[in-house]
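Comments concern the structure below.
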Amino acid sequence: MYKIILSFRYLFKKRISYLAFLAVALCVFIVVVVMTVMTGLVTDFKQKNHSFVGDCVVGTESLVGFTYYEDFIRILDKEDFVESVSPVIKSYALISRVGSERSYGVEIMGIDAVRHSGATGFGKTLHHRKDDVSKAFEPVYDLEKIGCVLGIDLTLERDAKSRYLYEASPAEIAYSVSCFPLTAKGALAKAAAGLVNTKTFYYSDTSHSGLARVDGSTVYLPFDQAQLLCGMAGPFKRVSWLHIKFKPDIKLEAGCEKITSLWQRFAQERKAELLDRVTVQSWKDYRRELIAGVEKEQTMLIVMFALVGITTVFIVFVVFYMIISHKSKDIGILKSVGVSNGNIVTLFSGFAFLVGVLGSAIGAVGGWRFLVHINQIEDWLFEHFKFQLWDRTIYAIGDIPNAIDLKVLAGIILSAIVVCLIGALLPSWQAARSKPVETLQVSQL
Amino acid sequence: MRAGPATTALLISDSMSKDEFILRTEGLYKAYRMGATKVSVLKGINLAVRKGEFLAIVGASGSGKSTLLHILGALDRPDKGVVRFEGRDLSRLGAGELNRFRNKMVGFVFQFYHLLDELTVLENVFLPAMVSKGVVGWLACRRLAKRRARELLVQLDLDERAGHKPYQLSGGERQRVAIGRALMNEPRLLLADEPTGNLDSATGNAILNVFGELNRAGQTIVMVTHDERIAQIAGRIITLADGKIS
C-alpha cells in the first residue's frame, strides 16, 4: 500500500516528475499525430487505387490488347462471386482543344460508363453526372454530341488555397483526340494512310479520382469510340483490360484465384495467340509500383519512430535516474524499516507506470484535439503565412487525414508505458541494490 | 511524553526469550576502502546487551560507533565476527528474514530523523506496519495500525500534528515522529544514532527524557553518542576508541 501512496505522491509532489510525464506526453503527441496523418494518407491512397481499379483486372499491358473478351465476360457474368465486369480500352493519344495548335499526350480509357461504375468507383469521381452515370458522355449543352470525361487537373483551375474551381456546368469545349491504331500483330494499322485516327469529342464532365497521375493525364471516352480510334474494332474485337468487382463477402485472394483458374481454362480452350500475354492480377498487384512506394515510406516512418522510441527510452532513463538519485535517502529509510530490494524496484516501477499512463493520456488527448482542428490550423497558417503542409498543386490530397485509429492509439499508449518501465528499470534496480548505510550516512546529506 | 500503564502494556513485548541477553557480538571486525587505503573501523568488538537495558556507546567522531550500531541493526554486515539477536546469528538470515528483522525486531532513530517528506506525520509513524503487509493485508488491519499510530503520537505529544508534513515540524517534533515510527511494530530493540545530535540542548533533553521513560517501561535501548553528558542518562556506558571497546 505504501508503494501506491508513495508512487502517487512522487508523481504530483515532485516538480521533476512533471518533466518525465511531459516528455512522455510530447512523444505520444508526436507519434499519434504523425502516425494518424501518415496512416490516413496511405490508407486513403490505397482506397483510391482500389476504387480506381476494382477488385481484380484481367488484361495485358500491350497496346494491342486481347481477343474473345466478350466470351470471357459471358462466363464471368454467370459466376455467383462476380458482381460486375467492365471492359476497358487503354491506350495513349494526343489531345488538343479545337482551334488551338497546342497538343499534349494523354492516356485514354475507353469505358462503358455504367458498367465501369459497377466494377469501380468511377461514378463517384464525376462532378456533373454523379447522379446519372449513364449520361457521363452526354454534354449538357448538346446531348447529341459525343462527350469525353477529362481528369480534373486537365480542365479545372485551383484557387489560392489549391481548391478546385468547379463550374456550374461544363463549358462547351471540343477536343480533338488522335490515336495510332494498331493491328493484332502490333503493327501500325494505317501505315499507308496517315497513321492516325482522329475524332472530335466534347467536354462533358470531370473525373476526380484523387490519384495525381490519373487526374492529370487521363481522358475517358465511350468504349466503342475508343475501340475504333485504337484500331481494336473489326471482326476480332480487342480490349486492353477487364475490371472485375467481386461480391462483398468474397475475399480478394480467393476471388482472384477463381478468376485465374477460369481464365487458364478459357485460354487453353481458345488457344489464341494474344491470350498468352494476358495476366490476372488483384488491384494490389496491379498498382504495386505505386502502392509499394507509399508502403515503404510508412515502413520507414515506423522504423524512424522506433528510433525515436529508443531516444525516448534514453530520455526517460535520464529523467528517472535524476528522480531516483534524489530519492536515495528515501530508499535508505525504507530499507531501514524492512522494505526489500524487490519492493523498491516495484515502487519505482509503479511510479514509472503512473508517469507512462499520465503522460500518454495527456499526449493522446492533446494529439486528438490537434488532429480534430488540424485542417483549420493549416488554413490559418496558409492565410497568414502562405504555409501548407502539402502543396495541393503537387499532391493529390484534399483535407489532411485526421481520423484516429483506436487500435493504433492503444498500441502507442501501451508502448509509451513500456518505454517508461524500461527507462526506470535500471535506475530502480541500482537504487534497490544500494546499501542503506551509504544513503543514510550523515555525509550524504 | 505522557506515560502510564497503557504505555507499559504497549511497549513491553509479551513474548520474552529465556536468554537474559537480547544481543551479543563476538569478534566484530569491519573495514572500509577509501581509495587505495583500507581503514579498519571495528577491530574485534565483543558486546552483550541485556533485555531492558539502556546502553550508551560513546566515542569520538570516526571511532566506529555508528558503524557498530548499523551492524547491530543489520543495516550493514561485518567483515568478520558474529552478531546474535536472541541467540540467532544474523549472518545466517536470508534477505527476506533480514527485512522482517528490521521491520519487526528493531526500531531505528537517526540523527537526522530521516522521515519521508511525501508522507504525513501519521503515515510516517505507521509506515513500518504498512511495509509488513500487502495491499489486502493492510486494508484488513489499517484501522488497528492507525489507532496504534495515533496512540503513539498522543504519548509523544504530537497528536495535533498528525496531518502535517515533516517540513512543517520543528527538529524536536521530527525526532519524536522518528521515535514513534521506530516503536510502531513494538520492536524488541531500539537503536538510536546520535538522536540529539541535530537538536538544541533543551529539545535534546526532552528527547532523552522520552528515551528514559521508554526504558523505564521496559524498552531495550542502545544509543550512540559522542557526548558523555548525554550518555549519562543510560544505565551503562561503554567507550569505543580506535575500533575497540575500552
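None of the figures in this text is laboratory data; all of them are computed from the coordinates on show. Computed from a predicted model, the values in this text were never measured in an experiment. Glycine gets a Cβ as well: all are built from the backbone with ideal geometry, and neighbour counts include every protein chain shown.
DSSP beta bridges fully contained in the protein assembly as shown are about 65 percent antiparallel.
Any idea what % of Cα-Cα pairs in the protein assembly as shown are farther than 39 Å? When all Cα pairs of the protein assembly as shown are counted, 57 percent exceed 39 Å. Here the extension length gained between A:Asn402 and A:Lys185 equals 73.0 nm, from 0.36 nm per residue of separation less the Cα-Cα distance. Each part gets one Cα centre, and for the stretch A:231-256 versus the stretch B:67-83 those centres are 87 Å apart.
Label-to-label distance for A:Ala171 and A:Glu253 is 5.0 nm, based on points extended 7 Å past Cα in the beta-carbon direction. Counts of other chain beta carbons within 10 angstrom of each beta carbon in peptide B:98-104 average 4. Note on chain B: with a GNM built from Cα contacts shorter than 10 Å, the maximum mean-square fluctuation among B:Val136, B:Val83, B:Val224 falls on B:Val136. The fraction of Cα-Cα pairs per 5 angstrom bin, counted from 0 for chain B, comes to 1, 6, 14, 18, 19, 17, 13, 8, 3, 1, 0, 0 percent, rounded to whole percents.
With respect to chain B, whose longest principal axis is taken over its alpha-carbon atoms, helix B:121-131 is tilted by about 70°. Each listed q (0.16, 0.22 Å⁻¹) maps to a log10 I(q)/I(0) for the stretch B:96-205 from the Debye sum over equal C-alpha point scatterers, namely -0.69, -1.25. Which pairs in the list A:Lys14/A:Lys335; A:Lys48/A:Lys237; A:Lys78/A:Lys237; B:Lys38/B:Lys244; A:Lys124/A:Lys199 are over 25 Å apart, alpha-carbon to alpha-carbon? Flagged as over cut-off: A:Lys48/A:Lys237; A:Lys124/A:Lys199.
Look at the stretch A:8-18: the mean tally of other chain Cβ atoms within 10 Å of its residues' Cβ atoms is 1.
I'd like to know which of A:Val177, A:Phe45, B:Gln111 lies farthest towards the positive end of the charge dipole of the protein assembly as shown, counting +1 on Cβ of Lys and Arg and -1 on Cβ of Asp and Glu. After comparing all options, I get B:Gln111.
Other residues lying with their Cβ under 9 Å from the Cβ of B:Met105 contribute a combined charge of +3, Lys and Arg counting +1, Asp and Glu -1.
Taking other residues whose beta carbon is less than 12 angstrom from the beta carbon of A:Pro139, and scoring Lys, Arg as +1 and Asp, Glu as -1, yields -2. How far is the Cα center of the stretch A:263-326 from the Cα center of the stretch A:116-144, in Å? Using only Cα atoms, the two centres lie 35 Å from each other. Over chain A, Cα pairs under 8 Å with separation of 6+ residues give a relative contact order of 27 percent.
Using C-alpha pairs below 8 Å separated by at least 6 residues, the relative contact order for the stretch A:61-277 is 32 percent. The order of the peptides B:200-213, A:203-216 by mean Cβ neighbours within 10 Å, most packed first, is A:203-216, B:200-213. Residues in the stretch B:236-246 carry Karplus couplings, in order, of 9, 10, 10, 10, 10, 9, 6, x, 10, 7, 9 Hz; the curve used is 6.51 cos²θ - 1.76 cosθ + 1.60 with θ = phi - 60°, and Gly or Pro positions show x. Taken over the stretch B:39-117, lysine pairs spaced eight or more positions apart, or on distinct chains, with alpha carbons under 22 Å apart number 5.
Using a simple spin-label model with pseudo-atoms 7 Å out from Cα toward Cβ, A:Phe370 and B:Tyr29 lie 6.4 nm apart.
Once the C-beta distance of A:Tyr141 and A:Leu26 is scaled by a Förster radius of 56 Å, the resulting FRET efficiency is 0.45 to the nearest 0.05. Quick one: if the Förster radius is 22 Å, what FRET efficiency do A:Leu381 and A:Val308 give, using the C-beta to C-beta distance and rounding to 0.05? Efficiency, rounded to the nearest 0.05: 0.35.
Note down the net charge around A:Thr439, summing +1 for each Lys or Arg and -1 for each Asp or Glu among other residues with Cβ under 15 Å from its Cβ. Value of the local net charge: +1.
Divide the volume of the convex hull around the Cα atoms of the stretch A:61-277 by the residue count and you get 145 Å³ per residue. Membrane-span-like helices in chain A, defined here as complete DSSP H runs extending at least 20 Å along the helix axis by their C-alpha atoms with mean Kyte-Doolittle hydropathy no lower than 0.0, are A:15-53, A:288-326, A:341-372, A:406-433; this is a sequence and geometry rule, not a statement about a membrane. Take the Cβ atoms of A:Glu107 and A:Leu19, set R0 to 56 Å, and the FRET efficiency comes out at 0.50.
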